[in-house]
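First up is the structure itself, then whatever we jot down about it.
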Amino acid sequence: MPREGEPDKPSDFLTAVKEAAIAALVAFGLFVLLIGIRTDQGPTGALVFTTRFGALAAIVAGVFVATLLRALFWRRLTLSFGQIAPASVKNAVARLTNYAAAAFLVFALVVPIIFYGNRYLLDLGILIVTYTMLGFGLNIVVGLAGLLDLGYVAFYAVGAYSYALIAQYFGLSFWICLPLAGILAAFAGILLGFPVLRLRGDYLAIVTLGFGEIIRLILLNWQSLTGGPNGIPGIPRPSFFGLPFNNSEHGFAATFGLTYSPTHRIVFLYYIILALALLTNWVTLRLRRLPIGRAWEALREDEIACRALGVNTTTTKLTAFAMGAMFGGFAGAFFATRQGFISPESFTFTESALVLAIVVLGGMGSQLGVAVAATVMLGGFELFREFDQYRMLVFGAAMVAIVIYRPRGLVATRTPSVLLGKIKDIPAPIVRDARTETPA
Amino acid sequence: MEYFVQQLINGITLGSIYGLIAIGYTMVYGIVGMINFAHGDIFMVGAFLALIAFLVLVALGISTVPLALFIVLLVSMALTALYGWTVERIAYRPLRHSFRLAPLISAIGMSIVLQNYVQVAQGARVKPLPPLVHGGYTLFEGNDFAVRLSNIQIIIIITTIALMTGFSFLVARTRLGRNMRACEQDLKMAALVGIDVDRTISLTFVIGAALASVAGLMFLLYYGVVDFFIGFLAGVKAFTAAVLGGIGSLPGAMIGGILIGLIETMWSAYFSIEYKDVAAFAILIIVLIFLPTGLLGRPEVEKV
């Protein structure tokens, strides 16, 4: 507990220096071998090492200074927005957040118009909306039903490979394959759901992780069907009501009397994924009002109470898995058609972790939060593209930092699904999860 | 038959490594009730620390293998333990009373951090180490197949047995072990009777990390190569071992580790080497369906 309001004693500085010295010592121990010495393969193939004591000294000094500053000034910085802002400002902010979702949606709709000439930004937009959609899908499983799924990428992979393989072997078009991919992914979800129904949270997480890896390993090793590590190339592109996006006489541009431009296809893809993401969002919002949605939320809060009240936990969990998986499958089919090429490399655990991070950091269960988190994270990834090797390092650290400092996510305002009377303003510290208690 | 005995020896060796990592999972789960997802990466860090410590020792002129190995073991245990302590201090302790999924998410973040930190600091390429321990014994010879027990396998198995014995003694007989067992039963009650819960949990992480670093050193000696990604698979398999043996149970972790090692080796030997990881994951799922408490675990009673 921070000792707020206590006057600073003169000994505080000494304590802070001592704390910083200990931190620097720990940092020295941590980094002396891994940073201070760099191993590389020499000309003979044996390992040789070079020393980097300068970098080591810099890091240790940095840790010392950072800990010192933190110990001296942190307490004054931790006054949160809620404590210093006057009520009128808070109300204005609250009113603004009400419009944030609408503003975000309008912005998403006009992105291709604003950035029409900028292919790079359009591609980034498609990527962000794809992950937003994946986030919405996973949100059903994690945010609503409270089942931690670390293998969500498996459904993404099933969707992508379903479309690629059906298109390759049966020559069906994207628009027929899209629902098929969703259905197949939903079946994969049910397949995974059955064995894991009896498991509690943490076990469930590991089993879903294992399932994700099993799918990836099968895709990697079943060479005769999936092409193994070489993947599937030449996946057909989607058409606009039968009009292909090419420079032919029957192409999209020629039919509408436009000059052919490859950007048309990109804009079209953007609107497809935006429509799919909005569909996911709409279905989620509707489902939350249905008995099944309420059962999910009840299940998340307390499984035993649910069972006592006669909720069938088996079907409830299964539908959550199937629903989430289906949207993952849609997104996967879209991914396949956008890339034109898929291989097992695109479906590693890192993807699952990224989508989970988007859901959790966005504030579990909050739809706007997911969209904001996807934008912030993928946008951040792009900003740091030049520091390629540090990206994942920063990503991991951000995941830890956000869960520690903002455990309820970046956007913690979740509109309740069912309202009894008026919303009351309850200060955040009073609100505690039913699950906060440590297990007995 | 000879082939089978050989696979048995290989499987037990591999299983010892998994078992040592599994202890870290099972202890932490027993006491804090969370899956320390970064534990596999702690194992990887331990292997890297051992590799670098060894190179430094050789450069300093200490090249007697037993002495060098002993020093490497101590250095790598101490520094990896420091990693275990730091991870707990930074990523898990602030979340002790947060919502249930928070520590797991933080652990996933920490795992990503450790992996990429080692990749940035030491490069993404595999690091080979020439075999240090040579020789071995031919146990018996069949028609055209000799069953061999190499010295490195003997070292691995004996070290594991020694560590397990020492560790069981620690848990059963020392004050720290008693505190750990008390925390495992009830954190709040343990705190009420005057046990320093934070310190006990920290030490649990320290011991788990030290054991994982021994596993890392042995992995390095046995396979001769490490890279920054070995922690993920080894971690998941060791967790499978902990679940198979019954999470929270120390002998269970060891037995589970050896079983997983045996299953993996036998699967590669008799079925297909490509699907050996699928076998490990499939076993995890099957065990959880039919034996949710594992082989030696106690059934968990959910209270309302």
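No lab work stands behind these numbers, since they all come straight from the coordinates. Owing to the predicted nature of the structure, the values given are computational and were not obtained by experimental measurement. Using ideal geometry, Cβ is built from the backbone for each residue, glycine included, and neighbour counts are taken over all protein chains shown.
Odds and ends about this structure:
- Label-point separation in nm, residue A:14 to residue A:123, each point 7 Å along Cα→Cβ: 6.1
- Only DSSP H runs of four or more residues enter the estimate; each adds -39500 (n - 2.57), and after division by the residues of chain A the mean residue ellipticity at 222 nm equals -22000 deg cm²/dmol.
- Projected label points at residue B:134 and residue A:172, each 7 Å from Cα along the beta carbon direction, are separated by 6.3 nanometres.
- Between residue B:196 and residue A:110, the FRET efficiency from the beta-carbon distance, with R0 = 51 Å, is close to 0.30.
- Helix A:201-221 and the longest principal axis of the Cα set of chain A meet at an angle near 50°.
- Out-of-range pairs (alpha-carbon distance over 29 Å; input A:317/B:188; A:317/B:237; B:127/B:237): A:317/B:188
- Taking every C-alpha pair closer than 8 Å and separated by at least 6 residues, the mean separation divided by the residue count of chain A gives a relative contact order of 22 percent.
- Hypothetical label at residue A:271: residues of region A:164-182 whose amide nitrogen lies under 17 Å (7 Å Cα-Cβ projection): A:175
- Summed residue charge, Cβ within 14 Å of residue B:138's Cβ, Lys/Arg positive, Asp/Glu negative: -2
- Under a 5 Å amide H cut-off, with hydrogens placed 1.01 Å from N, residue B:226 pairs with B:127 among residues at least 5 apart or on other chains.
- Per-residue average of Cβ from other chains inside 10 Å of A:22-31: 3
- Peptide B:115-123 is shielded by partner chain Cβ atoms: per residue, an average of 6 of them sit within 10 Å of its Cβ.
- Shielding of peptide A:213-225 by partners, expressed as the average count of other chain Cβ atoms within 10 Å per residue Cβ, is 3.
- For peptides A:245-256, B:90-101, sequence by mean Cβ density within 10 Å, most packed first: B:90-101, A:245-256
- In degrees, nearest ten, helix A:263-289 long axis to first principal axis of chain A (Cα): 70
- Rounded tilt (10° steps) of A:313-339 against the dominant C-alpha axis of chain A: 70
- Charged neighbours of residue A:237, selected by a Cβ distance under 12 Å, balance to +2 (K, R count +1; D, E count -1).
- Long-range HN-HN contacts of residue B:139 with modeled amide H, under 5 Å: B:147, B:148, B:149
- Using a Förster distance of 35 Å, the FRET efficiency for residue A:69-residue A:194 (Cβ separation, nearest 0.05): 0.05
- Selected from A:202, A:123, A:40 as most flexible by GNM, with chain A as the system and alpha-carbon contacts under 10 Å: A:40
- Helices assigned as whole DSSP H runs in chain B whose Cα atoms extend at least 20 Å along their own long axis and whose mean Kyte-Doolittle hydropathy is 0.5 or higher are found at B:2-32, B:39-60, B:65-87, B:102-122, B:151-173, B:197-223, B:230-245, B:250-270, B:276-290.
- Residue B:5-residue B:169 FRET efficiency (beta carbon distance; Förster radius 41 Å; 0.05 resolution): 0.80
- Estimated dipole of the protein assembly as shown in Debye, rounded to 20 [Cβ of Lys and Arg +1, of Asp and Glu -1, Cα centre]: 1780
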